[in-house]
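Just so it is clear, none of the values below were taken in a lab; they were calculated from the coordinates. What you see is a predicted model, and the numbers here were worked out from it, not measured in a lab. So basically every Cβ, Gly included, is an ideal-geometry build from the backbone, and we count neighbours across all protein chains shown.
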């Protein structure tokens, strides 16, 4: 079964299956209030781990949002871990109501992946960017541009999932992982990239253009 393309992210089954079993037991026991509780929890699990198809723009120079959510910061920063220099960064906050499957912002080869343990501050806080649990994925495009995407866990999230490995090729908009519950995604682009979005804009993974390469 293809974990990436299945309508429900299969990593969510660890929550959905036990809830479904509890729902069936409560229905069999004819405990109405408990059945209603487990039904609501099961439906929420199915909805939260939804994995919809998206129509990704074909613009070669466009950088696409890797996450559903809201743009909370756009800035120039020093990124010394992988890019080793200045970059333009777009930060996207994902609430518990957003689709949490993450998509590649550009086509290219996965050059490096680095996971780091950390804290679980609310993902909309600036300190979450530096201190929270994270997983960094560096993609190099065919023309040599390097785009860094960082999955950052939030207040509720306790697990970051990454489905790709170093050396793999990715298509723009291809699913590459998810973060369970509220979280944050950061995308680092070259300094000469143009940013068509602004703080407060809502974006959709695999669809919304958040940058253009020169």
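For this structure, a couple of remarks:
- Listed residues 171, 133, 58, most fluctuating in the chain (Gaussian network, C-alpha, under 10 Å): 58
- Within the listed set 14, 90, 164, the Gaussian network model of the chain (springs between alpha-carbon atoms below 10 Å) gives the highest mean-square fluctuation for 14.
- Net length gained if the chain between residue 166 and residue 143 were fully extended (0.36 nm per residue, minus Cα distance): 6.4 nm
- Two-site label geometry, residue 112 and residue 78: point separation in nm, points 7 Å out along Cα→Cβ: 1.6
- Shape class of region 62-212 from the Cα gyration tensor (axes a ≥ b ≥ c, square roots of the eigenvalues): rounded, since a/c falls below 1.5.
- Between the Cα long axis of helix 13-29 and the first principal axis of the chain there is an angle of about 20°, rounded to the nearest 10.
- Crossing angle, helix 32-48 versus the chain [Cα axis fit, 0-90 degrees, rounded to tens]: 20
- When the Gaussian network model of the chain links Cα atoms closer than 10 Å, the mean-square fluctuations of 13, 22, 170 top out at 22.
- Adding -39500 (n - 2.57) for every DSSP H run of four residues or longer, then dividing by how many residues the chain holds, sets the calculated 222 nm ellipticity at -6000 deg cm²/dmol.
- Inter-centroid distance (Cα atoms) of region 57-83 relative to region 194-212, Å: 8
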